[in-house]
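Here is the structure we will look at.
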Amino acid sequence: MTEKPPAEESLEPVELIRQSGIVLRTGRLMLSAGTGSYRVKSAMQRVASAVGLDRHHAHVTLTEITATSHRGPIFRTEVTEVRSIGVNSDRLAELESLTRSLAPMVTVDAVAAELDRIESKPALYPATLNAIWGAMACAAFSFLNNGGPVEIAGVFVGAGVGQFVRRWFAHRRYNQFGTTMIAAAVACLGYLGFISALEGLGAVDPKHHIGYVSAVLFLIPGFPLVTAALDLAKLDFSAGVARLTYALMILTSAALSVWAISSAAGLSPDPAEPIALAPVALVACRLLASFLGVLGFALLFNSPGRMALTAATIGMIANVVRISLNDAGAAPQAGAAAGALLVGLLAAWWAPRAGFPRITVSVPAVVIMVPGAAAYRAVFHLNNGDTTQALAFGFEAALVVIAIAIGLAVARMLTDRAWAFER
């Protein structure tokens, strides 16, 4: 009689499959929350050790994770994709807390239950509040870009409408680059419509049209830009280059809409003249604008209130230091590097004591330093064939972003041994 082959199930390493799957799921949720590859790998490694795997290796890019789990003489390799790129600071903090609190030999089911809870948690703020946070951040940006009360009010309206439209399309999974172009166009038109209405009532004169660029600054891809720089600093080129490319494509998509609206309306996004205020009043207004700007971005990233207030306080201090250095004659990139270094050091000290991942505090704090207006002006002049102006604004933006990355990387190396030495 022919002997029956063993059942297929009996040949499968079922427990290894479950362990590998829960580690990969953790990485996928971390990646979808917007963090860098280094943090994703670290979280996966902690879960792998906790559930009983001997070794774990992962290759992480912007949208994919390839992971290999080892237990004794057997191993399993799996791949997952993350197609919804976004930022969720609350989810990131929850996942960090979970992976750091796991006891040795925790069961896969226990980890899965926690991941179910975290994944099912809704956004902290409804669409209307989310739009208000974006409007508040851009209105603060408007003042820091030398906008007056009229420009600030117009930016608040335009950015609020633009962010509401952006969220509506994003939650319906429309293409991100198309969504960005539509949101930028709506924000610009919202600003210009508001200013035109005031002109029609005889309340303002036409000079206030110049502030419309600030209305699209909620589209600055701050998280991808910063995490790209940190990935590159860790020599993780596949993740860093992919994130940088994505960030540049988002910036270009928004800038093309700004250029189209500018051309149709016959406008040019030139820098505004500095506001004339007494020194003490100017510093006070900069402190307030920096605080509200960072607070708005942090809340826009779905940060809980205490986390957002922490980021806003750090960002307020660092941004005013940066502006003061620039006023004293320092190059923009030098001021940005010093401001980012201060953010990194303050976040390294404050975030662990408050129980937050430092990236959820440091990124919103430096987003307000990103020269989004200069980047938009570079694309505008490039489309108009003014290569000299395009290169000037483009190099200014690039140097400041590089300086921010250097400041954050140096702060990380000074405060984290894993960053100071290669492994």
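The values are calculated or read from the model by the stated rules, or taken from the named source; none is laboratory data. What you are looking at is a predicted structure, and each value in this text was computed from that prediction instead of being measured. Note that we place each Cβ from the backbone using ideal geometry, even for glycine, and neighbour counts take in every protein chain shown. Just so you know, the surface numbers come from the protein's heavy atoms only, side chains and all, with ligands and any DNA or RNA stripped out. Shrake-Rupley method; radii C 1.70, N 1.55, O 1.52, S 1.80 Å.
The table for this structure:
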{"item": "Residue in region 145-156 that is under 19 Å from the mean Cα position of the chain (by Cα) and not in a loop (DSSP other than H, G, I, E, B) present", "result": "no"}
{"item": "Extreme residue, surrounded by the fewest Cβ atoms within 10 Å (Cβ to Cβ), among residues of region 74-89 that are among the hydroxyl-bearing types (Ser, Thr, Tyr) and at pLDDT 90 or above", "result": "THR77"}
{"item": "Enumeration of residues in region 281-299 that are hydrophobic (A, V, I, L, M, F, W, C) and either on the phi > 0 side of the Ramachandran plot or open to solvent by 20 Å² or more (accessible area, probe 1.4 Å) (or both)", "result": "ALA281, LEU282, VAL283, ALA284, CYS285, LEU287, LEU288, PHE291, LEU292, LEU295"}
{"item": "Residue match in region 355-366 (condition: among the hydrophobic types (A, V, I, L, M, F, W, C), surrounded by fewer than 19 Cβ atoms within 10 Å (Cβ to Cβ) and at pLDDT below 95)", "result": "no"}
{"item": "Qualifying position, being closer than 18 Å to THR313 by Cβ and in contact with a Pro (Cβ under 9 Å, 6 or more places away or on another chain), among ARG377, ARG358, ARG353", "result": "ARG358"}
{"item": "Selection from region 191-212 of residues that are at pLDDT 85 or above and crowded, with 24+ Cβ neighbours inside 10 Å", "result": "TYR191, ILE195"}
{"item": "Qualifying residue in region 93-114 (condition: among the hydroxyl-bearing types (Ser, Thr, Tyr), open to solvent by less than 50 Å² (accessible area, probe 1.4 Å), touching a helix residue (DSSP H, G or I) at 6+ places or on another chain (Cβ under 6 Å) and assigned to a loop (DSSP other than H, G, I, E, B))", "result": "no"}
{"item": "Pairs with Cβ under 6 Å, 6+ apart, first in region 102-117 and within 14 Å of ARG18 (Cα to Cα), second open to solvent by 80 Å² or more (accessible area, probe 1.4 Å) and modelled with pLDDT under 95", "result": "VAL108/ARG18"}
{"item": "In region 309-324, residue farthest from LEU295 (Cα to Cα) [restricted to those that are open to solvent by 20 Å² or more (accessible area, probe 1.4 Å) and of a type in the set (S, T, N, Q)]", "result": "SER324"}
{"item": "Flag for ILE65 being within 29 Å of the chain's Cα centre (by Cα), at pLDDT 90 or above and in a strand (DSSP E or B)", "result": "yes"}
{"item": "Residue within region 141-156 that is hydroxyl-bearing (Ser, Thr, Tyr) and open to solvent by 60 Å² or more (accessible area, probe 1.4 Å) present", "result": "no"}
{"item": "Count - residues of region 368-407 that are touching a residue at least 12 places away in the same chain (Cβ under 8 Å) and either over 19 Å from LEU251 (Cβ atoms) or touching a strand residue (DSSP E or B) at 6+ places or on another chain (Cβ under 9 Å) (or both)", "result": "2"}
{"item": "Tally of residues being surrounded by fewer than 15 Cβ atoms within 10 Å (Cβ to Cβ) and part of a helix (DSSP H, G or I) across region 229-248", "result": "3"}
{"item": "Pair list, Cβ < 8 Å and 6+ apart or interchain, from region 33-56 residues that are at positive phi to residues that are part of a loop (DSSP other than H, G, I, E, B)", "result": "GLY34/ILE85; GLY34/GLY86; GLY34/VAL87; GLY34/ASN88; GLY34/PHE301; GLY52/MET105"}
{"item": "Residues of region 115-134 satisfying the condition of being among the aliphatic types (A, V, I, L, M), in a helix (DSSP H, G or I) and out of contact with any helix residue (DSSP H, G or I) (no Cβ under 7 Å at 6 or more places or on another chain)", "result": "LEU129"}
{"item": "Where ALA137 falls short, out of the listed (1) over 30 Å from ARG353 (Cβ atoms); (2) of a type outside the set (D, E, K, R); (3) part of a helix (DSSP H, G or I)", "result": "(1)"}
{"item": "Subset of region 37-54 (residues that are open to solvent by less than 10 Å² (accessible area, probe 1.4 Å) and within 15 Å of ALA418 (Cα to Cα))", "result": "SER37, VAL40, ALA43"}
{"item": "Test: residue in region 168-178 that is surrounded by 24 or more Cβ atoms within 10 Å (Cβ to Cβ), touching a helix residue (DSSP H, G or I) at 6+ places or on another chain (Cβ under 6 Å) and in a helix (DSSP H, G or I)", "result": "no"}
